[in-house]
Amino acid sequence: MTSLPQARMATQASGTWVLYVLTNAPCMEWPMHDFGRVTPMPTVQERIRALTALGYAVSGGPEWEWNATSHNPTARHLWAAIAVRPLTPAGAGGEGA
């Protein structure tokens, strides 16, 4: 899945879950929402609310594609991705929720 915009949810270095939207803008300008917790993992409804606050909606089905990095077997990094679309024709801004 590589078409933009795309939402991804992953854990930060601190271990807290964050949701961000990949766009054509530089990565420092991607809309982002920090859930502020390690556990439990954000529910689908929490993710949808965060996307809405960022100005995006899921495009297509509600299935998140889950992946794990394999750089180091002892420090695997779990992340999920889903296609999204801006809620407004002009696109969404880059401000966090």
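Kindly check whether there is at least one residue in region 61-81 that is modelled with pLDDT of 95 or more, surrounded by fewer than 16 Cβ atoms within 10 Å (Cβ to Cβ) and over 16 Å from Thr11 (Cβ atoms).
Looking through region 61-81, none of the residues is modelled with pLDDT of 95 or more, surrounded by fewer than 16 Cβ atoms within 10 Å (Cβ to Cβ) and over 16 Å from Thr11 (Cβ atoms).
Does at least one position in region 41-48 carry a residue that is of a type in the set (D, E, K, R), over 16 Å from Leu78 (Cα atoms) and surrounded by 14 or more Cβ atoms within 10 Å (Cβ to Cβ)?
yes
Starting from region 30-48, take each residue that is farther than 22 Å from Leu4 by Cβ and list its partners that are among the basic types (Lys, Arg), counting only C-beta distances under 9 angstrom and pairs at least six apart or across chains.
The qualifying pairs are Phe35/Arg47.
Give just the number: which of (1) part of a loop (DSSP other than H, G, I, E, B); (2) surrounded by 15 or more Cβ atoms within 10 Å (Cβ to Cβ); (3) at pLDDT 85 or above does Gly94 not satisfy?
Condition (3) is where Gly94 drops out.
Considering only region 6-22, state which residues are open to solvent by 30 Å² or more (accessible area, probe 1.4 Å) and either β-branched (Val, Ile, Thr) or under 15 Å from Ala53 (Cβ atoms) (or both).
Result: Thr11, Tyr20.
The values are calculated or read from the model by the stated rules, or taken from the named source; none is laboratory data. Fair warning: this is a prediction, and the values are worked out from it, not measured in the lab. Positions of Cβ are generated from backbone atoms using ideal geometry, with glycine treated the same way; all protein chains shown enter the neighbour counts. Calculation scope for accessible area: heavy atoms of the full protein, side chains included, ligands and nucleic acids excluded. Shrake-Rupley method; radii C 1.70, N 1.55, O 1.52, S 1.80 Å.
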